[in-house]
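Novice: So that we are looking at the same thing, I have put the structure below in structure tokens.
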Amino acid sequence: MPKSVFTATTGLLLAGGILLAGPGVAAADDGSDNPDKGCAALSSDDSASVYTDDDKKAAKDLNGKLSDDMAGHMDGHRASCARGVVETAKERGLDEKAASIAMATVIVETHLENLTGGDRDSVGLYQQRDHYGSAESRLDVAWATDAFFDELENVYPNESWNDASIGVVAQDVQRSAYPDRYGYQADDAKVIVDYFW
């Protein structure tokens, strides 16, 4: 997919002459991250910059393994964000399926970019609304991922998410106006989680 198409996705849809607004897939132009901070928040003023060698290697390795939205689009920033999601799942003692649910969610919501804006007041990897917490908190990959897992455990107590598909669980947590999108990213989410696990 050409980069201009990949980065131009919005939460607006023109259908039958009617403009529909929804959470959509947020994305941004190329950004940078600070290797000292890992999955740093991106803004439109950021430019492609320096990533750790491990992030660059992971991105290159994963680009050859992915088959859907992220195929050929992994970079250092996205790899560092993916690593942060997986590390947070591990720190909570969750399994690879829980991490894959979170990963499918961030692929759909932001194509693995930690965005400083989005639909309405949404920010961060998960495009969490302001009722989750401060913008600063929602832009912290570990905090945002913990908040996602808090909601996951609220909706699916006692690891009952293991009895449902990744796409269904992600939708139940996110409550998107576009419920089918998460399932399409489940295979790539599992590949990314497996790589960092």
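The values are calculated or read from the model by the stated rules, or taken from the named source; none is laboratory data. Everything numeric in this text was worked out from a predicted model, so none of it was measured. Please note: Cβ atoms are built from the backbone with ideal geometry, for glycine as well, and neighbour counts cover all protein chains shown. Heavy atoms of the whole protein, side chains included, go into the accessibility calculation; ligands, DNA and RNA do not. Shrake-Rupley method; radii C 1.70, N 1.55, O 1.52, S 1.80 Å.
Novice: For the stretch 100-165, just say rounded, prolate or oblate: build the C-alpha gyration tensor, square-root its eigenvalues into a ≥ b ≥ c, call rounded for a/c under 1.5, and beyond that prolate if a/b exceeds b/c, oblate if not.
Specialist: prolate
Novice: Work the Kirkwood hydrodynamic radius out for the stretch 56-197: mean of 1/r over every pair of different alpha-carbon atoms, inverted, in Å.
Specialist: Numbers: mean 1/r = 0.0681 Å⁻¹.
Mean inverse Cα-Cα distance, inverted, gives 14.7 Å.
Novice: Work out from phi, with θ = phi - 60° and the Karplus expression 6.51 cos²θ - 1.76 cosθ + 1.60, the ³J(HN,Hα) of each residue of the stretch 144-157, listed in order in whole Hz, and give x for Gly and Pro.
Specialist: 5, 5, 4, 5, 4, 5, 4, 5, 4, 6, 6, 6, 10, x
Novice: For the pairs Lys57/Lys97; Lys65/Lys90; Lys65/Lys190; Lys90/Lys190, flag any whose C-alpha to C-alpha distance is greater than 20 Å.
Specialist: Lys57/Lys97; Lys65/Lys90
Novice: Which cross-chain or sequence-distant (5 or more) residues have an amide H under 5 Å from the amide H of Leu115, H modelled 1.01 Å from N in plane?
Specialist: Result for Leu115 returns Leu42, Gly124, Leu125.
Novice: Check Gln128: other-chain or 5+ apart residues with amide H under 5 Å from its amide H, H built from backbone geometry?
Specialist: Val123
Novice: Residue-wise, which Karplus ³J(HN,Hα) couplings in Hz belong to the stretch 121-135, taking 6.51 cos²θ - 1.76 cosθ + 1.60, θ = phi - 60°, and x for glycine or proline?
Specialist: Result, rounded to whole Hz: 9, 6, 9, x, 4, 9, 6, 6, 6, 5, 5, 6, x, 5, 4.
Novice: Right, another one. Report the full-extension gain for the segment Arg129 to Arg175: residue separation times 0.36 nm, less the Cα-Cα distance, to one decimal in nm.
Specialist: Separation in residues times 0.36 nm, less the Cα-Cα distance, equals 15.4 nm.
Novice: Taking the solvent-accessible surface of protein heavy atoms with a 1.4 Å probe, what is the per residue accessible area of the stretch 64-192 in Å²? Walk me through the intermediate numbers first.
Specialist: Numbers: 5080 Å² over 129 residues.
Result: 39 Å² of accessible area for each residue.
Novice: Still on this structure, please answer the following. Once you sort the root eigenvalues of the Cα gyration tensor of the stretch 154-197 as a ≥ b ≥ c, which label holds: rounded (a/c under 1.5), prolate (a/b larger than b/c) or oblate (the other case)?
Specialist: oblate
Novice: Then there's this: Using the Karplus curve 6.51 cos²θ - 1.76 cosθ + 1.60 with θ = phi - 60°, work out ³J(HN,Hα) for each residue of the stretch 164-169 in order, rounded to whole Hz, and write x for Gly and Pro.
Specialist: Ordered by residue, 3J(HN,Hα) equals 10, 6, 4, x, 5, 5 Hz.
Novice: Hey, another quick one. For the stretch 132-181, with the dipole built from +1 on Lys and Arg beta-carbon atoms and -1 on Asp and Glu ones, taken about the Cα centre, which of Gly133, Ala164, Ser176 lies farthest toward the positive end?
Specialist: Ser176
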